[in-house]
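FYI, it's all coordinate maths here, none of it is from the lab. Model, not experiment: these values are computed from the prediction. Here the Cβ positions follow ideal geometry from the backbone for every residue, glycine too, while neighbour counts run over all protein chains shown.
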Amino acid sequence: MKLALIRRQFAATGGAELYMQRLVAALAAAGHEVHLYSENWEGMPDAVTLHRVNVQAPRALRPVRFAEIVAQMMAPVTYDVVFSLERTVSQDVYRAGDGVHKVWLDQRRHYASWWRRPFVGLGAFHSNMMALEKRTLDPAVTRHVIVNSEMVRREIVREFGYPAERIHLVRNGINAARFQQADRVGTRQRFGLAEGDFVMLFVGSGWERKGLHFLLRLMSRLEKTDPQVKLLVVGKGRLAGPVPRNVILAGPMPQVENAYAAADLLTFLPIYEPSSNVVPEALASGLPVITSVFNGAAEWLTEGVNGHVLPAPEDTDALEKAVRFWMVRPDARPVPCEHALDLETNVRETLRVLERVAAEKRAEG
């Protein structure tokens, strides 16, 4: 097959980039001709033909201009399948890895301070993104959609009326082996954690969306009553108030698997997350997970078996109850997971969708 992939920015690191590298490698190994349309890239395999998309536009217009320029560049070329990981208007298959922009804004508005709510979502950038997303998810524009959670499938059907039977669930995959060979003892020593400490872990940047402030409320409550409970925060962001003494801000960790090894529980309470990779990473590390219902990756969890899903991330009492459940069950680790965690399964299922679309187009002549 002659395939085109669309990705605005491509770097050698990152979850989506690792996914693309594995996908491209699998396509090339199978003898397919692969083309990538991107503004910038680094670390792409030699087997790919690269097409630079030169976009000169302000932030508010940049995604729209990118979509328009890619469509113009592709117009004279015939591909068996065009696969986009961006909101664009010239694809056969769209992977909605970022979820639904309108839903994210609705959630952000709901959890914002009362005085900020009227301003959430204002501005040309958000209106342009929602208009572009509506074009992308027009059934006449995009043949099939790949989602990484049932949550996002429901959102797309509800918000855009896109046919549910043309939406395919392909869950995120990770390099599971990486999270099973890390250093627990050395990492705990590095951060001054005692053997008897119960360590909660938060991994992520963009702390407002990912709910770190909900965890800090609990840590403020536990600071005096349960000094052996600690929260290790990996990533970067901004905090509005003081940090409790039982919270360790580790910053970004390139070898993040060591943070999982040092922890006893992943606590991650986003207000909107299509399907966070931190959940399968924690499960691959053997950790139970507490997350919110607004995380598509909550679908990986079985209540009380490998985690808890909170209906309201701001409910500190429910969070504390769930944390205490795992505090008294150290023998539950490593926890089980019924879903495949590996990236190879993700790539294989993605390829199946692309091959189906290519067959449909051939049949149409």
Q | 5 Å-binned pair-distance histogram of the range 268-365 (Cα, whole percent) | A | 3, 13, 19, 18, 15, 9, 7, 6, 5, 3, 2, 1, 0
Q: Starting from the Cα-Cα distance between Arg52 and Gln255, subtract it from 0.36 nm times their residue separation and give me the gain in nm to one decimal.
A: 69.9 nm
Q | Kirkwood Rh, Cα atoms: Rg over Rh of the chain | A | 0.98
Q: Give me the distance between the Cα centres of the range 253-280 and the range 287-319, rounded to whole Å.
A: 13
(Q) Taking 35 Å as R0, compute the FRET efficiency from the Cβ-Cβ separation of Arg329 and Arg117 and round it to 0.05. (A) 0.30
Q. For the range 131-262, what Kirkwood radius comes out of the mean inverse Cα-Cα distance, in Å?
A. 17.9
Q. Using a Förster distance of 41 Å, how high is the FRET efficiency between Arg65 and Arg178, based on the Cβ-Cβ distance and rounded to 0.05?
A. 0.65
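What's the Kirkwood radius of the range 302-347 in Å, using all Cα pairs? Write out the running numbers ahead of the final one.
On the way: mean 1/r = 0.0801 Å⁻¹.
One over the average 1/r among Cα pairs gives 12.5 Å for the range 302-347.
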Q | Estimated inter-spin distance, Ala340 and Glu33, nm [label 7 Å along Cα→Cβ] | A | 3.0
Q: Considering only Pro311, Pro254, Pro274, give the residue with the highest GNM mean-square fluctuation for the chain, with springs between Cα atoms whenever their separation is below 10 Å.
A: Pro254
**Q.** Computed helical MRE - 222 nm, the chain, DSSP H runs ≥ 4 contributing -39500 (n - 2.57), nearest 500
**A.** -11500 deg cm²/dmol
Q: With a Förster radius of 41 Å, plug the Cβ-Cβ distance of Ile248 and Glu150 into 1/(1 + (r/R0)^6) and report the FRET value to the nearest 0.05.
A: 0.75
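Could you give the size of the charge dipole of the chain about its Cα centre, using +1 on the Cβ of each K and R and -1 on the Cβ of each D and E, expressed in debye and rounded to the nearest 20?
Details: 45 positive and 41 negative charges, 195 e Å.
With only Lys, Arg, Asp and Glu charged at Cβ, the dipole is about 940 debye.
Using alpha-carbon pairs under 8 Å, 6+ residues apart, how would you state the relative contact order of the chain in percent? Each step should come with its number before you reach the end.
Working: 670 pairs, mean separation 53.9, N = 365.
Once normalised by length, the contact order is 15 percent.
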Q: Given the options Val279, Val53, Val289, state which has the largest fluctuation in a GNM of the chain using a 10 Å cut-off (strictly under) for Cα springs.
A: Val53
Q | Hydrodynamic radius by Kirkwood, which averages 1/r over all alpha carbon pairs of the range 216-289, in angstrom | A | 13.5
Q) Which residue fluctuates the most in the chain, going by a Gaussian network model with Cα springs under 10 Å, if the choices are His339, His35, His213? A) His339
Q. In debye, nearest 20: dipole of the range 201-273 around its Cα centre with unit charges on the Cβ of K, R (+) and D, E (-)?
A. 280
